[in-house]
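Participant: First, the structure itself, so that you have it in front of you.
Please treat every number below as a calculation from the coordinates, not as lab data. Source: prediction; values computed, not measured. Positions of Cβ are generated from backbone atoms using ideal geometry, with glycine treated the same way; all protein chains shown enter the neighbour counts.
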Amino acid sequence: MSLKTTNPLSALKSQLAAACAATALLFAAGAAQAADLNALIWCDHADPALLDPFETANNVKVNVKEFEGTGAGLAIVEQSQPGDWDVMVIDSIDVPRGVEKGLFEPLPEDKLPLADLFPEVKMDGSTVVGGKRYGITEKFGYNTIGFNKTKVDPADMQSLAALTSDKYKGKVAIYDYYLPVIGMAALAIGKKTADLTEADLPAIKAELLKMKANAKLVGEVTASQTALATGEVDILVGGGEWVTAGLAKENPALDFSIPKEGAVLWSQSLAMFKDSKNKDMALKFIEYIMSPEGQARLATSSCYWGMPANSKAALSDEQKKILRFDEQPGFLARAQAYPAPNPDLDKKMQDVWTEMLQAQ
Amino acid sequence: MSVAGNRSRALPRAGRALPWALVTPALGWTLAFFVLPFIAMGLSSLTAHEGGGFTLANYSQFFTDPSYWRAMVNSLEVTAIVTVISILLAYPFAWILAEQVPERWQRLALMLAVLPFWTSYVVRSYSWLLVLAQNGVINRTLIGLGLIAEPLQLANTRFATVTGFVHFFVMLLTLTIFANLKQLSPSYRKAAADLGAGPVRTFLHVVLPLTLPGIMVGAFLTFVLCIGDYITPQILGGNNELVMPQLVMMQIGRRGDFPLASALSIILMAVVTVAYLACARWLKIERA
């Protein structure tokens, strides 16, 4: 009944038995985990609506670990044991970084719907290294101008100059990610994002400081999204469909533009780890994500929406309208590449970004 | 040799060993989870991010880059402001709880005072963001009362960061000062009164000095927790200025630059150590 009626030796034995049972359970769980799929992902892949159908169909558990930014993702990999991870979501432009580190396994092109991808986002220059495909673009969108069309003049949003005009002083938020916003600053001063060098940084910094002077806040995904949605600001520098589409039902006034100077194209890829212990399941997962159904679920993930890379994604007409699916050819023609600096320029860009954040 | 004789020699040895046996778990814990990680962090801070190898570049980055320096200045300014405001608010609050609230209600009053501790730190910070927002309670009230025409920018400022911190640390300081006030024997005040001191003089020359340890313990905890906090400035400050923990997180989150993050963390620890040494003589609560 109570512990008081049990002699100490019996209590010790029962506790030992319980400890052994717990240990056995842990080992069993560990063994089960080895057969699971371990995925290093961005938050859009954590949506149960995306993962559940795959887990049910394949009788597998997908263990996810979210991260933001390639640097953070690669740091997690470096601190893990080989084989801990099976698949990874990574900026398409950063796939070569993973290949250089010897992390990724070539993907079998014949198992992937490459012919159905929007040609502009296949990004073979990054996803194919040494003639082998190491990544496949799964989702893309634009870092551009997100805005509330009832609060600003939509015509003004057709130029990046609006971001630094006095008309919108204190009405602007800046998305806190240096690469796309530096890309937008480069576009604003007439530079091509693919050709940026250290010599361009002073002019880019000056443009960023002008944006900062107009800004109320510089926020990460949640903060900047909240600021735009709650009316704290009317414009989000670096925003796009990834901010406005998911909120379209609650706030149809939110919209985005691709200004005349262009926008920065972001794209995310899937890659498989070379040391994966579950490569067959990893490939199945990639095939699922790239399938029309998987693409529709990923595109409308609860964390953020984005354009599916597969043009045959099974989206509803309403979802296509929100994502402005039919306007993509025009958008893609005006979009420029995500900045892809080498490590030295990358550090200098981050220093410029830090200076912008600290500017009063 | 008798058994009693053996025991008489054995007992002192056992007696000497017992304290060590008792502190061994704590020492082991400190060694495993503080000393070794600290050494690893120190070594990491002296390693180049690209290619490895010994370097002092991570430290020189901090001392030569004004935007990095600025983060430390921001941290110290925010921490100092928060600590001072929290003490000024917490002391009268603790005094009212200890001296004015009847004994039987004190436990309930204290529980109500620390009620905000029960909510998540992150949720509390986001709640403040909504309160201070352009369309938040404060701006709407001020506009409704006709005191302002346009909403004030309260959210995403240093003011918001300080407000979020003060809300939290006033509770912490109230607890430490309340504990100190409760330990203070009424005899001191009676003696001061017998010697002709009025209430103000008694407070300034008797009560305040005797409760200084409680203030300093709370102030030091506030300093340490505030200067190392990432969440409140991140949520409420709007990234309009960076403090040291944000700078550390930037190195890890953006570039996976653990060596530079380690160097910045060591510098932050050095500042905390200096703060500790500065107020070490008061960091004890003795029964008055």
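Participant: Can you run phi through the Karplus equation (6.51, -1.76, 1.60; θ = phi - 60°) for region B:182-193 and list ³J(HN,Hα) in whole Hz, with x for Gly and Pro?
Facilitator: 5, 7, 6, 5, x, 4, 4, 5, 4, 5, 5, 5
Participant: Give me A:Ser257, A:Ser165 sorted ascending by neighbouring Cβ count inside 10 Å, so fewest comes first.
Facilitator: Numbers: A:Ser257 23, A:Ser165 13.
Arranged by neighbour count, lowest to highest, A:Ser257, A:Ser165 become A:Ser165, A:Ser257.
Participant: So for region B:67-282, averaging the separation of alpha carbon pairs under 8 Å that are six or more residues apart and normalising by length, what relative contact order in percent results? Let's see the in-between values first.
Facilitator: Working: 216 pairs, mean separation 63.2, N = 216.
Taking the mean separation of contacting Cα pairs over the length of region B:67-282, I get 29 percent.
Participant: Can I ask one more? Please report the antiparallel percentage of DSSP beta bridges with both residues in the protein assembly as shown, rounded to the nearest 5. All intermediate terms of the calculation are to be shown ahead of the outcome.
Facilitator: Numbers: 28 of 44 bridges.
Just about 65 percent of them are antiparallel.
Participant: Now, a different point. For region A:249-349, take N as its residue count and report Rg(C-alpha) divided by 2.2 N^0.38 Å. Let's see the in-between values first.
Facilitator: Details: Rg = 16.8 Å, N = 101, 2.2 N^0.38 = 12.7 Å.
For region A:249-349, the normalised Cα radius of gyration is 1.32.
Participant: What is the Cα radius of gyration of region B:28-90 over 2.2 N^0.38 Å, N being its residue count? Don't skip to the end; give the middle numbers.
Facilitator: Details: Rg = 17.2 Å, N = 63, 2.2 N^0.38 = 10.6 Å.
This ratio for region B:28-90 stands at 1.62.
Participant: If I take every Cα pair under 8 Å that is 6 or more residues apart in region A:155-223, average their sequence separation and divide by the length, what percent do I get for the relative contact order? Mind showing how you got there, number by number?
Facilitator: Details: 63 pairs, mean separation 34.3, N = 69.
Once divided by the residue count of region A:155-223, the mean separation gives 50 percent.
Participant: Where the only charges are on Cβ atoms (+1 Lys, Arg; -1 Asp, Glu), what is the dipole of region A:66-127 about its Cα centre, to the nearest 20 debye?
Facilitator: On the way: 4 positive and 14 negative charges, 25 e Å.
Around 120 debye, computed over region A:66-127.
Participant: Can I ask one more? Given region B:56-187, report the % of alpha carbon pairs whose separation exceeds 17 Å. Before the final figure, lay out each step's value.
Facilitator: Values: 6071 of 8646 pairs.
Cα-Cα pairs of region B:56-187 separated by over 17 Å account for 70 percent.
Participant: How big is the C-alpha Rg of region B:67-282 next to the rule-of-thumb value 2.2 N^0.38 Å, as a ratio? All intermediate terms of the calculation are to be shown ahead of the outcome.
Facilitator: Details: Rg = 20.3 Å, N = 216, 2.2 N^0.38 = 17.0 Å.
So the Cα radius of gyration is 1.20 times the expected 2.2 N^0.38 Å.
Participant: Separate question: Amide H neighbours of B:Thr47 under 5 Å, at least 5 residues apart or on other chains, H built in the peptide plane: list them.
Facilitator: HN-HN under 5 Å from B:Thr47: B:Thr55.
Participant: Also, I was wondering about something else. What's the longest uninterrupted piece of chain B once you rule out the GluC sites (Glu not before Pro) that are loop residues per DSSP with at most 13 other Cβ within 10 Å? It would help to have the intermediate numbers written out before the result.
Facilitator: On the way: sites that count: B:Glu50, B:Glu286.
Free of exposed loop sites, the longest segment is B:51-285.
Participant: Would you mind pulling out the separation of the Cα centroids of region B:138-181 and region A:224-243, in Å?
Facilitator: After rounding, the separation between the Cα centres reads 25 Å.
Participant: Right, here's the next one. Could you list B:Met244, B:Met41 so that the one with the fewest beta carbons within 10 Å of its beta carbon is first and the one with the most is last?
Facilitator: B:Met41, B:Met244
Participant: Towards the positive end of the charge dipole of chain A, with charges on Cβ (+1 Lys, Arg; -1 Asp, Glu), say which of A:Thr56, A:Ser269, A:Phe325 has the farthest Cα.
Facilitator: Result: A:Thr56.
Participant: How big is D for region A:116-167, in µm² s⁻¹ as a whole number, if Stokes-Einstein is applied with the Kirkwood radius of its Cα pairs at 25 °C and 0.890 mPa s?
Facilitator: Details: Rh = 14.3 Å.
This corresponds to a translational diffusion coefficient of 172 µm²/s.
Participant: Roughly speaking, what is the centre-to-centre gap between region B:183-254 and region A:35-87 when only Cα atoms are used, to the nearest Å?
Facilitator: 44 Å
Participant: Place +1 on the Cβ of every Lys and Arg and -1 on the Cβ of every Asp and Glu in the protein assembly as shown, take the dipole about the Cα centre, and give the residue among B:Val122, A:Asn214, A:Tyr142 whose Cα lies farthest towards its positive end.
Facilitator: The one lying farthest along the dipole's positive direction is B:Val122.
Participant: Then there's this: Using alpha carbons only, what's the Rg to Rh ratio of region A:69-189 with Rh from Kirkwood? Don't jump to the answer; show the numbers that get you there.
Facilitator: Working: Rg = 19.0 Å, Rh = 17.5 Å.
My calculation of the ratio gives 1.09.
Participant: Among the listed pairs A:Lys151/A:Lys191; A:Lys132/A:Lys274; A:Lys61/A:Lys284; A:Lys249/A:Lys320; A:Lys101/A:Lys348, which have their C-alpha atoms separated by more than 19 angstrom in this model?
Facilitator: Details: A:Lys151/A:Lys191 30 Å; A:Lys132/A:Lys274 13 Å; A:Lys61/A:Lys284 13 Å; A:Lys249/A:Lys320 13 Å; A:Lys101/A:Lys348 22 Å.
Checking Cα-Cα distances, A:Lys151/A:Lys191; A:Lys101/A:Lys348 exceed 19 Å.
Participant: Using the count of nearby Cβ atoms within 10 Å as a rough guide to exposure, how do B:Thr161, A:Thr230, A:Thr164 rank from fewest to most? Display every interim value, and only then the final one.
Facilitator: Numbers: B:Thr161 28, A:Thr230 16, A:Thr164 21.
In increasing order of surrounding Cβ atoms, one gets A:Thr230, A:Thr164, B:Thr161.
Participant: Percentage of Cα-Cα pair distances in chain A greater than 24 Å, rounded to whole percent?
Facilitator: Working: 38698 of 64620 pairs.
The answer is 60 percent, as a whole percent.
Participant: Between 0 and 90 degrees, rounded to the nearest ten: what's the tilt of helix A:201-214 against the longest Cα principal axis of chain A?
Facilitator: 90 degrees
Participant: Quick check for you: which residues of region A:336-360 have the amide N under 17 Å from the point 7 Å beyond the Cα of B:Ala80 toward its beta carbon?
Facilitator: Answer for this model: none.
Participant: Taking the alpha-carbon set of the protein assembly as shown, what are its Rg and Dmax in Å?
Facilitator: In order Rg, Dmax, the Cα atoms of the protein assembly as shown give 29.8, 105 Å.
Participant: What's the local net charge at A:Leu37, with K and R +1, D and E -1, over the other residues with C-beta under 13 Å away?
Facilitator: Numbers: positive: A:Lys61, A:Lys65, A:Lys277, A:Lys279, A:Lys284; negative: A:Asp36, A:Glu55, A:Asp84, A:Asp86, A:Asp280, A:Glu287.
Taking every Cβ under 13 Å from that of A:Leu37, the sum is -1.
Participant: Measure nothing but the geometry: give the 0 to 90° angle between the long axis through the Cα atoms of A:8-34 and the longest principal axis through the Cα atoms of chain A, rounded to 10°.
Facilitator: Here the helix axis deviates by roughly 50 degrees.
Participant: State to the nearest 20 debye the size of the charge dipole of the protein assembly as shown about its Cα centre, where the only charges are +1 on K and R beta carbons and -1 on D and E beta carbons. Don't skip to the answer; put the middle values down first.
Facilitator: On the way: 55 positive and 58 negative charges, 626 e Å.
Its charge dipole is roughly 3000 debye.
Participant: Rounded, prolate or oblate for region A:158-299? Axes are the square roots of the Cα gyration tensor eigenvalues, ordered a ≥ b ≥ c, and the cut-off for rounded is a/c under 1.5.
Facilitator: Details: a/c = 2.53, a/b = 1.53, b/c = 1.65.
In terms of gyration-tensor shape, oblate.
Participant: Here's another thing I want to ask about it. So in chain A, what percent of DSSP beta bridges are antiparallel if you round to the nearest 5?
Facilitator: 65 percent
Participant: Also, I was wondering about something else. Assign unit charges at the C-beta atoms only (+1 for Lys and Arg, -1 for Asp and Glu), then state the dipole size of chain A relative to its Cα centre in Debye, rounded to the nearest 20. Spell out each step's value before the answer.
Facilitator: Values: 36 positive and 47 negative charges, 100 e Å.
Using Cβ point charges on Lys, Arg, Asp and Glu, chain A gives about 480 debye.
Participant: Which one of B:Cys226, B:His205, B:Leu236 has its Cα pushed farthest toward the positive end of the charge dipole of region B:67-282, where Lys and Arg give +1 and Asp and Glu give -1 at the Cβ?
Facilitator: So the residue furthest toward the plus end is B:His205.
Participant: Which Rg and Dmax, in Å, describe the Cα atoms of region B:205-288?
Facilitator: Rg and Dmax of region B:205-288, Cα atoms, are 16.7, 54 Å.
Participant: Work out the P(r) tail for region A:69-122: percent of alpha carbon pairs separated by more than 16 Å, whole number. Could the numbers behind the result be given before it?
Facilitator: Working: 724 of 1431 pairs.
Taking all Cα-Cα pairs of region A:69-122, the fraction more than 16 Å apart is 51 percent.
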